[in-house]
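I have placed the structure first, in the form of structure tokens, so that the comments after it can refer back to it.
The values are calculated or read from the model by the stated rules, or taken from the named source; none is laboratory data. As the structure is a computational prediction, the values presented were derived from the model and not from experiment. As a convention, Cβ positions derive from the backbone with ideal geometry for all residues, glycine included, and neighbour counts pool all protein chains shown.
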Amino acid sequence: MISIGQKIRELRKSRNITQENLAEHLDVSFQSISKWENGITMPDISIIPAIATFFSVSIDTIFGFDLTEQNQKIKEICDEAYQYRQNEHLKAKEILLNGLKQFPNNDTIMNNLLYVIADVDEQLALAEKIISETNDETIKYDALRFLAFAYSRKGEKEYAKAIVEKIPEVYFTKLGIAAYIYEGKEKYDAADKQKWISFQEVLEMMFKLYEYYLSMDEKEKAKEELENAIKLMKIMNHSSFNEDFLPYFEKHIQKLDVN
């Protein structure tokens, strides 16, 4: 990361501005500008916003933060953790916690961490932290979802229901829109990814209907819902669903047959 002085020099020279011109605008001596650029002293923190405004850049730019590079590193951390999310929660959690040491309180990393925390109180505390700090609506609503699940697991159903009401109903996704707008490989990637996300949601909702029918002692309807889900999985023939969901659904049918 380059120093503040180096960044000021870089910005000044790229705009053909003299040290005297910059000093006059900031109401400091040109010697001060020279000392900043040579790393002898640093500008007072209170003057940083004025420097950023003068060059029409963000304060992060003055401090030498490359947001594109930072976001790429954060993405790499989350992508690595995702590989272990299903079967090695502790490994995924370790990767994300190390990521937070590098990027403290980053809401994207914290949001990914919600998926691998087993302890309900720890999950609840993290979800509340994210909700109170993030400016990203998508991350906020995902954290609200986890918060609702956490309170439900604690048996606080009414509070969980109140949280659900804070989550807006969404009838479209970014991937879905992309599948309509993009062309070529981008269209395929968006449509294929959304297809499997949607299919998993369908299976999960069919299981919830099974649970409902079972609670109403309608065992035939419950069994039919599971059987239809199994038929769909065999038609779609995706290894991940066949390995994870199919045995789970078949096991519950076996339970129904025994009972």
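Quick look at the numbers
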item	result
Residue count for segment 11-29, restricted to those that are surrounded by 15 or more Cβ atoms within 10 Å (Cβ to Cβ) and not in a loop (DSSP other than H, G, I, E, B)	7
Test: residue in segment 106-123 that is hydrophobic (A, V, I, L, M, F, W, C), in the same structural domain as F245 (by TED's automatic domain parsing) and under 27 Å from E88 (Cβ atoms)	no
Residues of segment 75-92 classified as exposed (fewer than 15 other Cβ atoms within 10 Å of the Cβ) and hydrophobic (A, V, I, L, M, F, W, C), total	1
Test result for Y188, assigned to a helix (DSSP H, G or I), outside the structural domain of D119 (by TED's automatic domain parsing) and either closer than 30 Å to V120 by Cβ or of a type outside the set (D, E, K, R) (or both)	yes
In segment 140-155, the residues that are more than 23 Å from E88 (Cα to Cα) and surrounded by 14 or more Cβ atoms within 10 Å (Cβ to Cβ)	K140, Y141, L144, A148, Y151, S152
Subset tally (residues that are in contact with a Phe, Trp or Tyr (Cβ under 7 Å, 6 or more places away or on another chain), among the aliphatic types (A, V, I, L, M) and not in a loop (DSSP other than H, G, I, E, B)) for segment 151-167	2
Tally, over segment 63-118, of residues that are closer than 30 Å to S46 by Cα and aromatic (F, W, Y)	3
Given (1) of a type in the set (A, V, I, L, M, F, W, C); (2) touching a Leu at 6+ places or on another chain (Cβ under 8 Å); (3) more than 30 Å from Q123 (Cα to Cα); (4) exposed (fewer than 14 other Cβ atoms within 10 Å of the Cβ), index of the condition I235 fails	(2)
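Yes/no per residue for (1) among the charged types (D, E, K, R); (2) within 30 Å of T108 (Cβ to Cβ):
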| position | (1), (2) |
| --- | --- |
| I47 | no, no |
| F54 | no, no |
| Q72 | no, yes |
| K75 | yes, yes |
| L90 | no, yes |
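Conditions tested, residue by residue: (1) over 25 Å from E69 (Cβ atoms); (2) surrounded by 20 or more Cβ atoms within 10 Å (Cβ to Cβ).
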position	(1), (2)
E94	no, no
Q102	no, no
N111	no, yes
V120	yes, no
N135	no, no
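Condition check ((1) under 22 Å from L175 (Cα atoms); (2) in a helix (DSSP H, G or I); (3) of a type in the set (A, V, I, L, M)) across all residues:
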position: C78; (1), (2), (3): yes, yes, no
position: A92; (1), (2), (3): no, yes, yes
position: G99; (1), (2), (3): no, yes, no
position: V116; (1), (2), (3): no, no, yes
position: E128; (1), (2), (3): no, yes, no
position: I131; (1), (2), (3): no, yes, yes
position: A143; (1), (2), (3): yes, yes, yes
position: F149; (1), (2), (3): no, yes, no
